[in-house]
Amino acid sequence: MASVSLLQKTILAFLFAMGIIVTLGDAGCFSKLNKPGEADKGCILHGKLYPFGDIARTENCYTCSCRRDAMRCCSLFHWPVNYDKENCKVIFNKENCDYDVVQRSDPSKECFVYSRVG
C-alpha cells in the first residue's frame, strides 16, 4: 500500500480550503450590462432608476455600483442553507436585509442556523 507524502497531504488540504473559500465568496453578486443609450440617467434594477455611482442599499437589499456600461451588485443578505427544514421556515426581513429562520409552529421563536451563504 502506497503511503501519502506530507507534500501530497498539504496540497490536498490547500485545494480543499480553496474550494470552500471559492464556494462562499461573492455568491450573491451579479452584473447587468446596459444596452447602448439605456443608461443615460442611471441604471435600472427591478424597475427602479438608480443614479450613477455607488448605491449603499437598494430597495431589494443590494449594494451596487452604477456605471454607464453596467450595474454591478452584491446582496447584503445571506441565504440560510443548514437549519431544521422540517420544523422551521425562512422569512425575508426587508428591514434588516436578511433572512429570519423561525419555527413553523411559533414564528415568534427563532431557529438555529448552522450555516449561510451569500
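FYI, it's all coordinate maths here, none of it is from the lab. Everything numeric in this text was worked out from a predicted model, so none of it was measured. Here Cβ is always computed from backbone atoms with ideal geometry, including for glycine, and neighbour counts include all displayed protein chains.
Laid out as a table, the results:
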item: Kirkwood-based shape ratio for segment 31-118, expressed as Rg/Rh from alpha carbons; result: 1.15
item: Computed FRET value (nearest 0.05) for ASP84 with VAL117, which takes r as the C-beta separation and R₀ as 22 Å; result: 0.80
item: Separation of the PHE30 and HIS46 label points, Cα + 7 Å toward Cβ, nm; result: 1.1
item: All-pairs Cα distance distribution in segment 28-76, expressed in whole percent, bin size 10 Å; result: 31, 60, 9
item: Sequence-distant lysines (8 or more away, or on other chains) whose Cα lies within less than 16 Å of LYS109; result: LYS85, LYS89
